[in-house]
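Take a look at the structure set out below.
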Amino acid sequence: MRYLKLIVLFAIVLSFVMVPAASAAPAAQYGTCGYWYPVRWGETLFSIGRVTGVSAWAIAQANGLANPNYVQAGSSLWIPCAAPPPPPQCGYWYTVRWGDTLNAISYRTGVNLWAIAQANGIYNTNRIYAGQALWIPCP
């Protein structure tokens with residue numbers, strides 16, 4: 001009986017200690033400037049960006065989305081406050097040759113596919129053409 005009381009007391013103390021740590025995690029991850037947006041059927045990250053006035057890339061980055069072309073209806077996305085544009089970064093221009101794909105360019109240059117797409121405003125990564133100039137940011 002005495003052990004049962006100690007176990008219950010330990011569980012209560014442990015629950016009080018763990019609650020503040022768990023509730024502080026979302027604030028640190030998402031910051032204080034922004035709001036939650038419920039995703040409805042048929043919406044894309046880019047249509048949500050148009051409605052909210054925040055770029056799709058900023059929304060994808062704030063939510064840790066690996067593929068910004070996929071959002072699930074019924075989920076909620078953190079919409080960050082609009083930030084000033086970042087300063088220009090290092091990089092170079094690459095002219096697309098016939099047969100190039102964005103994935104192949106990404107592999108060849110060692111730069112993330114989505115980083116190249118974001119730097120050039122490309123929403124469909126399958127749609128590049130020969131002669132197109134792409135800005136390749138530093139890895």
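Every number here is computed from the coordinates shown, using simple stated rules; none is lab data. Worth saying up front: this structure is predicted, and the values here are computed from it rather than measured.
What are the residues whose amide H is under 5 Å from the amide H of N69, where those residues sit 5 or more places off or on another chain and H is modelled from the backbone?
Here the answer is none, since no amide H 5 or more places off falls under 5 Å of that of N69.
Run the numbers for W41 and T95: contour at 0.36 nm per residue of separation, minus the present Cα-Cα distance, in nm.
Here the segment from W41 to T95 would lengthen by 15.6 nm.
State whether region 91-137 is rounded, prolate or oblate according to the following rule on the C-alpha gyration tensor (a ≥ b ≥ c being the square roots of its eigenvalues): a/c under 1.5 gives rounded; otherwise a/b larger than b/c gives prolate, and the remaining case gives oblate.
Rounded is the answer for region 91-137, as its axis ratio a/c remains below 1.5.
For region 55-130, what class follows from the C-alpha gyration tensor (a ≥ b ≥ c being the square roots of its eigenvalues): rounded when a/c is under 1.5, otherwise prolate if a/b is larger than b/c, else oblate?
Judged from the Cα gyration tensor, region 55-130 comes out oblate (a/c at least 1.5, b/c at or above a/b).
Under 5 Å between amide H atoms, partner at least 5 residues away or on a different chain: which partners does I79 have, H built in plane at 1.01 Å?
Y35, W36, Y37
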